[in-house]
1. ³J(HN,Hα) across the stretch A:299-312 via Karplus (A = 6.51, B = -1.76, C = 1.60, θ = phi - 60°), whole Hz, x for Gly/Pro?
2. Please give the calculated 222 nm ellipticity per residue for chain B, where each DSSP H segment of at least 4 residues contributes -39500 (n - 2.57) and the sum is spread over every residue; nearest 500 deg cm²/dmol?
3. Tally Lys and Arg at +1 and Asp and Glu at -1 over the other residues with C-beta under 12 Å from the C-beta of B:ALA609: what net charge comes out?
4. Would you mind finding the longest exposed-site-free stretch of chain A, with exposed GluC sites (Glu not before Pro) meaning DSSP loop and at most 10 other Cβ atoms within 10 Å?
5. Among B:GLY665, B:ALA82, B:LEU521, pick out the residue whose Cα is farthest towards the positive end of the charge dipole of chain B, where Lys and Arg carry +1 and Asp and Glu carry -1 on C-beta, about the Cα centre.
6. Enumerate by residue number the GluC sites (Glu not before Pro) in the stretch B:414-513 meeting two conditions: DSSP loop (anything except H, G, I, E, B), and at most 14 other Cβ atoms within 10 Å of the site's Cβ.
7. Can you tell me the orientation of helix B:177-188 relative to chain B, as the angle in degrees between its alpha-carbon axis and the longest Cα principal axis, to the nearest 10?
8. Please report, in debye to the nearest 20, how large the charge dipole of chain B is about its Cα centre when each Lys and Arg carries +1 at its beta carbon and each Asp and Glu carries -1 there.
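Only the coordinates and a few stated rules stand behind these numbers; no lab work does. Since we're looking at a predicted model, the values are computed, not measured. Note that each Cβ is placed from the backbone with ideal geometry, even for glycine, and that neighbours are counted across all protein chains shown.
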Amino acid sequence: MELDLDAHLADAEKAAAAASTEADVRALSAEYLGKKSQLKAAKKQLGALDPDERRSAGLRLNDAIERLETLFEHRGSQLADEARRSQLEAERLDLTELLHPIERGHLHLVTQARDRLEDVFVGMGYEVAEGPEVETAWYNFEALNIPEWHPARGSFDTIFVDLGEPESVMLRSHTSPVQIRTMEVQEPPIYIVAPGRTFRTDTADATHLPAFNQIEGLVIDRGITLGDLAGTIDTFVHAFFGGEVRSRLRPSYFPFTEPSAEFDISRPDGSWLELGGCGMVHPNVLRNCGIDPDRWQGFAFGFGIDRLAVMRYQLDDIRELVNNDVRFLRQF
Amino acid sequence: MKVLLSWLQEFAPDIGGDVDDLGDTLSALGLAVEDTEVMGEGLEGIVLAEVLDLRPHPNADRIQLVDVDAGDGQALQVCCGAFNMTVGDLIPFAPIGTVMPNGMEIARRKMRDEWSNGMCCSAQELGLGHDHDGIMILTDEAAGTDLGTPIVDVLGLQHDVLWDLEVNANRPDALSVAGVARDLAAGLGVPFAFPEPPEPSRCEGAGLVRVELLDPTLGGRFLAQALQGVTPGASPAWMASRLRALGQRPINRIVDISNYVMLELGQPNHTYDLAKVPEGHLRVRRAVEGETLITLDGVERTLTRTDGVIADIHDRAIGIAGVMGGASTEISDDTTDVLLEMAWWDPPSISRSVRRLQLRSEASARYQRGADWGLNMERAMARFVQLIADTGAQAVGPLVDERGDTPDRSPIRVRPARINGLLGTGLDGEEMAGHLRSIGFEATPVDDQLDVTIPTWRWDTNTETDVAEEVARMYGYANIVRTVPRGEVAGGLTTYQQARRQVRDVLVGAGCDETFPMPFLAPGDLARCGLPDDGIGLSNPLVAEESVLRTSLLPGQLKAIAYNQSHRSGPVRLFEIGHVYLPSGPDQELPDEREQLAVALSDGGAHDAVAVLEVLADALALPNLRLTATEAPAMHPTRTAQVMVAGQTRGVVGEVDPRVSELFGVSGRVGWFELDLGATLDGPRGNRRYRPVSKHPSSDIDLAFVVSDEVPAAEVAGQIRKAAGSLLVDLVLFDVFRGATIEAGHRSLAYRLRFQAADRTLTDDEVGERRAAVIEGVRDALDAALR
C-alpha cells in the first residue's frame, strides 16, 4: 500500500493545529513519527523497491519526516509560550499593594553631623580623639590657663558633681580637656579633632540645652602660625559648607589661646555668622602638658555640632535633639 | 559696653564716616558690635510739655486721661497707658502730626470715646534707651526750660550712634569710652588725646582724709579726696541722657558723676558721706574671718579672709573692697561733705569676693579685669572734681595717694622674628613698633629686638605672646596670609571608632532609630528600675528631674519608649550609644565612665533582642557569643541572659521586667540588651578566616529531639556540633513544639543538619554514621530522645 504523503502531511497539520497542549503535540509526534507510525512503516518498505525508485521515494519520505518534525517542534513551542503567558498573566501583581514595607532605622541628626565633620577632618589628616565627660578642675580649667580666681570661670556656667571637694569635679564645660589629655600622652606632631558632649547650666529652651555637642581641633607641630589657623578654618569651611562660603577671623579672647579669634562664615546675603572660637595654643597650656613652647607651636579651634544640625535643617526647637520622638528621628 | 559716637569724638574728633564701616572696624579690633542704634533722629516734632491734670478714663482701667500744656498755654487731653506721672511733671510730648522715630504718625483719635490729642513719650519710644517703665520724666533736668521747646534742645541731643560692644576679659581698657576711642582711633589712623581738664578749684587746707593701706597685696593704689559743698539735685540733661543711653538710670548728681567718670575713663569710684566716717580715716585691709557688715543693698554680709575691706578708724568694716560699699556711710540728701575713693584692687582678690558673694557690678567687673593703676587714676579724680564743681562743690585738702603692690611695668624684650613666626607675618621691628605705639605701648628697637613697655591700662598683658596678639590685632587678622600646615601625620579613625560606626550602621539596618537622651536622671529613677540607687548627684542641677548621673541607659530608653507610646507612634526600635558614670573607688578622682550600647524594642520580646544582638555579633565578628540564663536587676527574671563574648561578660539581653516597664509608663514587652561597648569592641573580635567553598554536593538531614525545658537549645546545638564533627557545615533550629504529644516540661526541638566535605561527595553511609553519632551523642549528654 502506497502512503499518500500529501494527504498524510495535511492530516498531521490539521491535527497539530487542533492540539491545545504540549502533551497533545507530543502524542501527535509519537503518532506520526514514532516507531509505529505510518512513515516509519513506509520507510521499512523502501527496501522492496527497485534502486531508482527507492532513492526518490526515500527522499520524499525524509522530506516528509523533516517537515513533520519542524511542524511539531514549532507548534510545541508555540503552545509552551502560550501556557507560560497565561501562567504569568495569572500571577499579575499590583506592586503598590505593599503590606510589609522594610522599616529602616535612622542615625541621629547629631551623629550624622558629627560623622560628616569627622570625615572632613580625617580627610585633612586629623585623628579623632575622645575623653571623659566628667572631668577634674585641672583638665577643665587649670591646665587650660584658667586659674581658680579667673573671671572666665564664671562664664562657663559649669555643672559640678558631688565628688571630692566642692567644685573640684564637673561635667566638662567644653571639649578642650581632650586637648590636655592628648598632649599629656602624645608627643607632637599632633593633629586631632575631639568631638563630644559638653555641659552648661543652661535651662533647656528652644535654643539651649544643658547637654550639647562640640567639636574641638588641635594642631601642635613645628612652626605652626596664625596664618595656618586661618587657612585651616578656610579649608574646613569650604569642604563642609561649600566652596562659595567664606570665613573670617576676628580678635577675641580665650584664656587657653593667644592670639585668640572668633571665626565667622559668610551667609548668602553677605552677612556673617559666628561659628566658633579659635587661636594659637597659649604657651602656658603647652607648658602644663610638658611641651616646650619654644620648639612646638599650635592652634586650637572649637564650635558647636548641634547648631550645625539646627542650621542645616532649620529646626525651630533644639530640644527635639534630645526628645527622642520617632516622628522627629525618622525624618532624617 | 555701650559707647556713643559723640562721646568717642571727645577723645578723637576725627572718628567718623559710614556707621557700618565704623562698626566693622570695631569688630575687626576685637570689639564685636552686638547692636547698633542710630539715635536722635526723627525727634524734630517732640516738645517739652507739662502735666496739668491726671484723671481716670471713664471707660477704661488701663489708660488714664492726661491734660498737658505743650507751650501754648492750652490744656490738651491725651489718653495715656502709663501711670508714672504726677501733676507738674515735665515730659516729652508728641503733638498731632508728629512722625515718631519708628515711623508711626501721631493722629487725633478717640480711645474708648475719649479724644487723645497727641502722645506722652517713653525713652524707648524716642529711641533714647530701653527704659520702658513709663513716660520719660524730665521734671528735674528740664526745670526752667520753656514749655514747647524741642526735646532735642532740652536734652542737648545730637545725631548720634550707640554701639553695644562685646568686651573680652583681657580688655579692661575697653570698658571705658576713652579706651574704645583709643582703639578705634588707632584702627582708623586718626589722633587720640585726653582733653585737659581745667585745673580743679582746690581749697588748700588741713587733711580731712587719712588712709592706711595695710595690705599692699590687696590694694595697689588708693586715692582719696575730700569734697565739700555738695548739694543734692538732678544732673544736667546732657549727662542724664548720656547715662541713659549707656544703660544707667540717672539718680542724682553724685551718683551720676560717679557713674559718668567710670564709664568715661574706666575708673570705678566710691563716695562716702564724710560726716559718717569718723575722722575721715580709712583702714584698708583683709577681712577677719566671720567679720560682718551691711552693704548698700541692706544685706548683712559675712566675710572671709580673702575679702578686702575698708574699715574706719575703729576698725569696723564700712565697705567691701571693689565690690560694694557699706550702708553706714551712704550718701543721703543731707550729705554736704563727701569722701571720694578711687582705688586699684588686686584682680584675683576681687574675683574671689565677687564669686563667693555673688555680687557683680559695673565696678567689680572693671576691677576683676584689672583697672588702670597709672595716670588715669589722677585723671579720673580730676574729672570727678571738675564735674562736681559745676554744682558748687570743691576739693578740700590734698589728694591722698597711698601705694601698695602694682604690676611691674619694666620694658619686656620681644623678638620680632618670634612674633612673625607665631603669626605667619613678615613685619619688621619698626612696623611692629608702629602698631604697638598706636595703642599706647612704648616700643624701642634694641638690635633686632624690641623693648616694649606695656601700658598700665592693660593689666592682663605681660608677655611676648600678649604683645604678638596686639601686633596681630592692629595689623589686622584679615591681612594675615592664609596657609595650611603640611603635617606628616595620616588622619583616620581608630579601630574602635570604626567599629562603633559599624554598630550604628548594623542597628540602623535592623530598623533601630538612634536616640540621644540627656544623661541625667531624676532621683529615684534607678531605684524604680531595681538598680542600685548609687548614681552620682549634680551639685547644682537645673531641675530636680535632671539631678543624677545615669549608671544605666535603661531609664532613659524606657522614658523614650513611654514618650513615643503616649504619642501613639506605634512600636519603636531604639538604640543609644552613650556614657554611663559608675561610682568608682575612693582613691579615684573621677567616676568609672563607660561607653555603653543599649537596644530597646517595644515591638518584640527577648527573642527579638537576641536576634538583633546576634546579627550585631556576626557583623563585628565577636568570637564565641554565649547567652547564659541569669537574673539581673530591672530584667525579666525568667527571660534574661548574660551576654558572654570569648568567656567575658559584656552585658545582658532579654526583656525588661514588666513591673519596671509599668513604673515608667511603658506598656507591652520590651526586648532589651545593654553592652559595655568599650570592652566589647576593644576585646577580641574580627578574627575571620577563609574557608574554601566546597565544590561537592551536600546532604541534609532533619532531627527532632524531645528535650527537658531545663536544657537550653544552645546546649542541644552544641552537642549536635560536637557529635557531628567537622563535616557539619550548617545547623538550623527550624521548629520548637510543645503540646499534648510531648512529655510535660519538655519540648521538641527540630534541627536541620547539612553535611558536606571539601574534597569529596559524601556517601549515604557516611551521612548515616554521622546521624547515628548525633542521635547518640545528644541522647547521652542531655537525656534527649529522638522524636
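1. For the stretch A:299-312, the Karplus-derived couplings read 10, 9, 8, x, 7, x, 7, 4, 4, 5, 5, 4, 5, 4 Hz, x marking Gly and Pro.
2. Taken over chain B, the calculation gives -7500 deg cm²/dmol.
3. Charge balance near B:ALA609 sits at -2.
4. Value returned for the longest uninterrupted segment is A:98-243.
5. With unit charges placed on the Cβ atoms, the residue in question is B:GLY665.
6. B:GLU488
7. It is inclined by approximately 80 degrees.
8. Magnitude of the dipole: close to 3320 debye.
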